[in-house]
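Heads up: the structure comes next, in structure tokens.
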Amino acid sequence: MSAQPSCLIVGAGMAGLTAASALSAGGWQVTVVDKGRGVGGRMATRRISDGRFDHGAQFFTVRDPGFREQVELWVHRGWVLPWFEDGGHTRYRAEGGMSQLAKHLAAPLNVRSGVKLSEVSPLGNGWRATSDTGEAFDADALVLTAPPEQSLALLGDCALGLADGVVEQLGTVDFDPCFALMVLLNGSSRVPEPGYFRPQLGPIEWLADNTRKGVSRGPRSAVTVHATGDFSRMNFDAPLDEVASRLLVAADPWLGGSVESWQIHRWKYAKPVAGTWPGCLFSRAPSPVAFAGDGLAGGRVEGAFLSGLAAARSLKY
Ligand SMILES: Cc1cc2nc3c(=O)[nH]c(=O)nc-3n(C[C@H](O)[C@H](O)[C@H](O)COP(=O)(O)OP(=O)(O)OC[C@H]3O[C@@H](n4cnc5c(N)ncnc54)[C@H](O)[C@@H]3O)c2cc1C
């Protein structure tokens, strides 16, 4: 490695941004690339007209003392704030929407959005990653934070050179998909205070009124509807407008009947439902590479944060 080691991080979600911050603080030269238009990954916020919707992660909880320290700093800076309490845990939301927190974290980093990598392969003692437009990124080390199936696809045959057990452990991770329907209403929703509801029946797992939540500032309710994992799996390949119609009917009691417009997003890898949760996985061969992301850490924003940190540590920053 050169005097200032370099690292390429694939993914600007919570895991990638956390690893990038830690490695940068440790003197590494870090580049983060993400195929999305912006940063945040599944901490995603979308606009429809004057409505703003968190359509991926809705909130996060804190259990780990190190994460608590980090969250207290974010609260102090006004980036996150408590939304509601449930089961003894505070649910935190990000000011302006979940993607806004990612934007704050990305601001001091070298992040390239809209770059989809199609291949990574060893180059000398390090790596060369190539985007789908042919742009090359060289680095001493690699951190892969996409869902394991996608990270393995990027590595292709190089995965055969990874340390014993890494591919097998990555292969145990399975995700539930999730349909996220975003509905802009003409008036107010019937989602109760403080702006969320979990129906215990039918295809809907979660409803949130982003206006009550404080994310959408418009006069009209902007409601996010998440389908259950079972419904999303069973209807994964169904036409999106068909899925949306079924969710709109199921959500009607909380929408108040005055739908102005809607959009639907299909998360293929929404939440990990099976895996061994090692935190992260590291292999020195064929060149230094760490695998991170919530899929290795039991899911959730907190898991992604801890996994990103573990990945940075595995590179011995
Ligand atoms: C519908 C839904 C609801 C959720 N609700 C909650 C919740 O309430 N509370 C909670 O704590 N968590 C929740 N989660 C989970 C939470 O969003 C995730 O745990 C966390 O955001 C994962 O972060 P990550 O960095 O591991 O992965 P991601 O955020 O998925 O980041 C991975 C990034 O890699 C990028 N990428 C992948 N392949 C490539 C490539 N080839 N080239 C370039 N970039 C690439 C992707 O674009 C993505 O941005 C929810 C998730 C979903 C989808």
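The values are calculated or read from the model by the stated rules, or taken from the named source; none is laboratory data. The structure presented is a predicted model; accordingly, all values stated were derived computationally and were not measured. Quick reminder, even Gly has a Cβ in these numbers, built from the backbone with ideal geometry, and neighbours come from all protein chains shown. Protein only, heavy atoms only, side chains kept; ligands, DNA and RNA dropped before computing areas. Shrake-Rupley method; radii C 1.70, N 1.55, O 1.52, S 1.80 Å.
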Residues being more than 15 Å from the ligand (Cβ to nearest atom), modelled with pLDDT of 95 or more and part of a loop (DSSP other than H, G, I, E, B) - total across the stretch 67-114: 6
Qualifying residue in the stretch 81-90 (condition: within 18 Å of A15 (Cα to Cα) and not basic (K, R)): no
Count - residues of the stretch 266-314 that are in a strand (DSSP E or B), of a type in the set (G, A, S) and within 11 Å of the ligand (Cβ to nearest atom): 1
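Rundown of residues vs (1) touching a Lys or Arg at 6+ places or on another chain (Cβ under 7 Å); (2) more than 25 Å from T228 (Cβ to Cβ), yes/no style:
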{"position": "A44", "(1), (2)": "no, no"}
{"position": "S49", "(1), (2)": "no, yes"}
{"position": "V75", "(1), (2)": "no, yes"}
{"position": "K103", "(1), (2)": "no, yes"}
{"position": "K116", "(1), (2)": "yes, yes"}
Residues within the stretch 267-313 that are more than 27 Å from Y92 (Cβ to Cβ) and either open to solvent by 10 Å² or more (accessible area, probe 1.4 Å) or of a type in the set (S, T, N, Q) (or both), tallied: 9
Test: residue in the stretch 215-228 that is modelled with pLDDT of 95 or more, more than 25 Å from the chain's Cα centre (by Cα), over 20 Å from A57 (Cα atoms) and not β-branched (V, I, T): no
